[in-house]
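Have a look at the structure below before the remarks.
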Amino acid sequence: MRIALFGDIHANLEALEAVLQDASQQAVTDYVCMGDIVGYNADPAACLEIVRAMDAPTVKGNHDNDAAGNHSLDNMNLIAAAALVWTRSQLSEEQRLWLQRLRMVRQVSNFTVVHSTLDQPANWNYVTNRFDAISNFSFQFTQLCFHGHTHVPRVYLKTDKVDELEPGIIPIEADSKYFVNVGSVGQPRDGDWRACYVIYDLHKATIEFRRIEYDIEKTQAKIIAAGLPKMLAERIAEGR
Ligand code: ZN
């Protein structure tokens with residue numbers, strides 16, 4: 001079994017297609033989605049329909065939740081809120097209901113999946129360092145848990161202490177727990193513009209981070225044409 005774990009697609013169709021193309025060439029057998037399918041970029045409906053048709057286990061992200069609801073977005077930063085108002089207008093009621101019904105946490109095979117963190121997943125807390133990760137490990141009962149939300153690929157490793165590992169090819173060791181941020185398909189924020197996802201190989205017991213180029217100029221042109229904030233087109237090129 002080789003499982004592709006991908007999330008924070010954020011309505012970036014070109015990035016999603018490039019990731020799925022790469023995964024199919026990497027002998028991936030299964031797919032799992034970390035959520036935030038929509039928000040920010042210009043193809044929410046197309047990305048939603050691709051993920052839905054894959055019938056892959058999917059958890060709900062905060063942007064999925066905000067796009068599905070009719071609640072006020074006053075607490076959100078202005079650019080994200082503007083994109084979500086536009087996103088709501090682009091989705092059918094039926095598509096929004098599908099987003100609304102996504103689960104917050106799922107167990108798949110021998111691992112767990114959540115968008116943000118296992119402690120208070122509906123609070124959408126950001127795990128940005130090993131101290132944030134410690135709270136998660138108290139609620140992590142599988143050896144591996146995959147998540148997203150910060151758009152920064154990272155591995156937190158729990159042995160008798162908690163360490164941070166840089167992304168790469170990581171061997172899974174017995175007697176250790178792993179909390180793995182799979183990075184972002186459609187809006188990476190680690191300074192690298194390329195789409196990011198992870199392949200978990202159960203037989204080899206490795207997790208591999210992959211970075212994939214895509215037609216970013218096409219994505220940027222669509223953002224501008226949709227009337228979305230120009231900053232959203234700029235940031236994907238800068239990986240922030
Ligand atoms: Zn996100």
Notebook entry, point to check: For the stretch 1-153, with every protein chain kept in place, what is the accessible area per residue (1.4 Å probe, Å²)?
Noted result: 40 Å²
Next item on the list: Kindly write out, for the stretch 180-187 in residue order, the coupling ³J(HN,Hα) from the Karplus curve 6.51 cos²θ - 1.76 cosθ + 1.60 (θ = phi - 60°), rounded to whole Hz, with x marking Gly and Pro.
Entry: 10, 8, 7, x, 10, 5, x, 7
Notebook entry, point to check: With the contact rule set at Cα under 8 Å and sequence spacing of 6 or more, what percent relative contact order holds for the chain?
Noted result: 23 percent
Checklist line | For the chain, size of Cβ-based charge dipole, Lys and Arg +1, Asp and Glu -1, in debye | finding: 280 debye
Next item on the list: Report the residue, chosen from 177, 222, 161, that carries the largest GNM mean-square fluctuation when the chain is represented by alpha-carbon nodes joined by springs under 10 Å.
Entry: 161
Check: Taking the chain, how many lysine pairs are there with alpha carbons less than 23 Å apart, if each pair must be eight or more places apart or span two chains?
Finding: 6
Check: Quick one: Cα centre-to-centre distance for the stretch 1-78 and the stretch 150-166, in angstrom?
Finding: 23 Å
Next item on the list: Starting from the residue with the highest accessible area, list 201, 190 in decreasing order, probe 1.4 Å.
Entry: 190, 201
Notebook entry, point to check: In debye, nearest 20: dipole of the stretch 139-195 around its Cα centre with unit charges on the Cβ of K, R (+) and D, E (-)?
Noted result: 220 debye
Note to self: Amide H of residue 104 versus every other amide H placed in the peptide plane: which residues, excluding those fewer than 5 positions away on the same chain, fall under 5 Å?
What the structure shows: 60
Next item on the list: Would you calculate a helix-derived [θ] at 222 nm for the chain, using -39,500 (n - 2.57) for each DSSP H run of n ≥ 4 and dividing by the full residue count, to the nearest 500?
Entry: -9500 deg cm²/dmol
Check: Which of rounded, prolate, oblate describes the stretch 1-159, given a ≥ b ≥ c as roots of the alpha-carbon gyration tensor eigenvalues and a/c under 1.5 marking rounded, otherwise prolate only if a/b is larger than b/c?
Finding: oblate
Note to self: Please report the antiparallel percentage of the DSSP beta bridges confined to the chain, to the nearest 5.
What the structure shows: 70 percent
Check: Over the chain, what percent of the accessible surface lies on carbon and sulfur atoms, probe 1.4 Å?
Finding: 50 percent
Next item on the list: Could you order peptides 114-122, 7-15 by the average number of other Cβ atoms within 10 Å of their residues, highest first?
Entry: 7-15, 114-122
Check: Per residue, what volume in Å³ does the convex hull of the Cα atoms of the stretch 126-240 enclose?
Finding: 111 Å³
Notebook entry, point to check: Given a cut-off of under 8 Å on Cα pairs at least six residues apart, what relative contact order in percent is computed for the stretch 1-59?
Noted result: 44 percent
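The values are calculated or read from the model by the stated rules, or taken from the named source; none is laboratory data. Keep in mind that this is a model prediction, so the values were computed, not measured. No Cβ is skipped: glycine too gets one built from the backbone with ideal geometry, and neighbour counts run over all protein chains shown. Please note that ligands, DNA and RNA were not included when accessible areas were found on the heavy atoms of the full protein model with its side chains. Shrake-Rupley method; radii C 1.70, N 1.55, O 1.52, S 1.80 Å.
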